[in-house]
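K.L.:
First, the structure itself, so that you have it in front of you.
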Amino acid sequence: VDYTPIPSEVWVDDDYAPGTCGGHTWGYDAFSKIQDGIDAVSGSTVHVASGTYYENIVLKDGVELLGAGSATTIIDGMQNGSVVTAVGVGNTTVFDSFTVTNGSGTYDASWSGFCGGGMFNNNDSSPVITGCVFRDNVARSGGGMCNNNKSSPYITRCIFWNNSAQMGGGACDGQSSSSFTDCIFWNNSAGMSAGGLLSIMSETVITNCTFWNNSASADGAIANVDAFPIITNCIFWNDS
């Protein structure tokens with residue numbers, strides 16, 4: 001039997017920068033990979049220092065993953081699938097203050113291709129995603145993010161910028177009920193439909209969001225297919 005205690009908090013630092021946080025010395029106690037930090041805890045918090053992390057990560061139920069700020073804490077997926085994946089996680093799972101970039105998506109048969117270039121929330125996942133930037137990701141569906149199969153993430157104060165897909169350049173919902181609040185969809189593109197956001201058989205809630213300069217062959221900002229979105233107090237500006 002392994003009696004090693006599971007820590008309540010761990011730290012991740014890509015370059016072992018010196019300094020202290022919560023009594024821990026980053027240079028000696030930190031993991032160098034985000035996934036190693038996630039794997040080391042259960043129902044706890046992972047603090048991630050500023051830096052660029054070249055990896056693809058899978059969130060764990062009940063774990064809070066906290067970056068040092070989206071401007072300085074970057075996860076680069078190296079075009080090797082979805083940068084961030086969540087499967088069956090609940091609303092105590094937190095993803096906060098990161099930039100997510102250079103993702104290429106996860107293959108899903110229901111989308112007939114790769115989806116969720118930046119982030120893929122699947123199978124009844126409901127993480128809280130706050131203060132993040134999803135930029136320069138690609139996929140067939142949901143360049144920046146794909147929420148699938150009864151997922152209901154709460155996304156607030158996030159920016160979807162310069163992502164691309166055939167459908168849902170910025171993000172897409174499939175049989176889900178995601179909530180986007182105070183978000184910006186900017187300069188995303190789709191080869192077929194929904195430059196900003198695609199909702200299929202979903203009850204997407206969109207509040208206080210701006211859709212700016214998105215483009216597609218059809219439905220520059222939003223496309224709804226057999227969907228029942230609630231759109232409140234939003235700005236649609238220069239979409240095409």
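The values are calculated or read from the model by the stated rules, or taken from the named source; none is laboratory data. Predicted model, so just to flag it, every value in this text is computed and none were measured. Note that we place each Cβ from the backbone using ideal geometry, even for glycine, and neighbour counts take in every protein chain shown. Protein only, heavy atoms only, side chains kept; ligands, DNA and RNA dropped before computing areas. Shrake-Rupley method; radii C 1.70, N 1.55, O 1.52, S 1.80 Å.
K.L.:
Looking at this structure, is Thr106 touching a Gly at 6+ places or on another chain (Cβ under 7 Å) and not small (Gly, Ala, Ser)? So that I can check it myself, show each step before the final result.
P.N.:
Working: touching a Gly at 6+ places or on another chain (Cβ under 7 Å): yes; not small (Gly, Ala, Ser): yes.
Against the criterion (touching a Gly at 6+ places or on another chain (Cβ under 7 Å) and not small (Gly, Ala, Ser)), Thr106 qualifies.
K.L.:
On the given criteria, is Gly116 open to solvent by less than 40 Å² (accessible area, probe 1.4 Å) and either hydrophobic (A, V, I, L, M, F, W, C) or under 28 Å from Gly168 (Cα atoms) (or both)? Can you show your working first?
P.N.:
Details: open to solvent by less than 40 Å² (accessible area, probe 1.4 Å): yes; either hydrophobic (A, V, I, L, M, F, W, C) or under 28 Å from Gly168 (Cα atoms) (or both): yes.
It is true that Gly116 is open to solvent by less than 40 Å² (accessible area, probe 1.4 Å) and either hydrophobic (A, V, I, L, M, F, W, C) or under 28 Å from Gly168 (Cα atoms) (or both).
K.L.:
Here's another thing I want to ask about it. Is it the case that the range 212-230 has a residue that's under 17 Å from Pro127 (Cα atoms) and open to solvent by less than 50 Å² (accessible area, probe 1.4 Å)? Break it down into steps so the answer makes sense when it comes.
P.N.:
Filtering the range 212-230 for residues under 17 Å from Pro127 (Cα atoms) gives none.
No; the residues of the range 212-230 include none that is under 17 Å from Pro127 (Cα atoms) and open to solvent by less than 50 Å² (accessible area, probe 1.4 Å).
K.L.:
Still on this structure, please answer the following. Please go through (1) in contact (Cβ under 8 Å) with a residue 40 or more places away in the chain; (2) within 14 Å of the chain's Cα centre (by Cα) for Gln166 and return the number of the only condition it doesn't satisfy.
P.N.:
All conditions are met except number (2).
K.L.:
List pairs: first residue in the range 34-54 and at positive phi, second residue polar (S, T, N, Q) anywhere in the structure, Cβ distance under 7 angstrom, at least six positions apart or on different chains.
P.N.:
Final answer for the pair search is Gly51/Thr73.
K.L.:
Search the range 26-42 for residues being in contact with a Lys or Arg (Cβ under 9 Å, 6 or more places away or on another chain) and open to solvent by 20 Å² or more (accessible area, probe 1.4 Å), and hand back the single one that is modelled with the highest pLDDT.
P.N.:
Restricting attention to the range 26-42, the residues satisfying the condition of being in contact with a Lys or Arg (Cβ under 9 Å, 6 or more places away or on another chain) are 38-39, 41-42.
In the following step, the residues that additionally are open to solvent by 20 Å² or more (accessible area, probe 1.4 Å) were identified as 39, 42.
Numbers: Asp39: 95, Ser42: 89.
Per the criteria, the residue is Asp39.
K.L.:
Let me ask you something else. Quick check on this structure: which one of Thr101, Thr92 is among the β-branched types (Val, Ile, Thr) and open to solvent by 40 Å² or more (accessible area, probe 1.4 Å)? Show your work before the answer.
P.N.:
On the way: Thr101 fails: open to solvent by 40 Å² or more (accessible area, probe 1.4 Å).
Of the residues listed, the single one that is among the β-branched types (Val, Ile, Thr) and open to solvent by 40 Å² or more (accessible area, probe 1.4 Å) is Thr92.
K.L.:
Being crowded, with 22+ Cβ neighbours inside 10 Å and at pLDDT 95 or above narrows it down to one residue among Gly191, Gly195; which is it? Lay out the reasoning, then the answer.
P.N.:
Details: Gly191 fails: crowded, with 22+ Cβ neighbours inside 10 Å.
Exactly one of Gly191, Gly195 is crowded, with 22+ Cβ neighbours inside 10 Å and at pLDDT 95 or above, namely Gly195.
K.L.:
Criterion first (buried (at least 24 other Cβ atoms within 10 Å of the Cβ) and outside any strand (DSSP E or B)) does Ser82 satisfy it?
P.N.:
Working: buried (at least 24 other Cβ atoms within 10 Å of the Cβ): yes; outside any strand (DSSP E or B): yes.
The answer is yes for Ser82.
K.L.:
Turning to a different aspect of this structure: Just need a number here: residues in the range 121-164 that are open to solvent by less than 10 Å² (accessible area, probe 1.4 Å) and hydrophobic (A, V, I, L, M, F, W, C).
P.N.:
8
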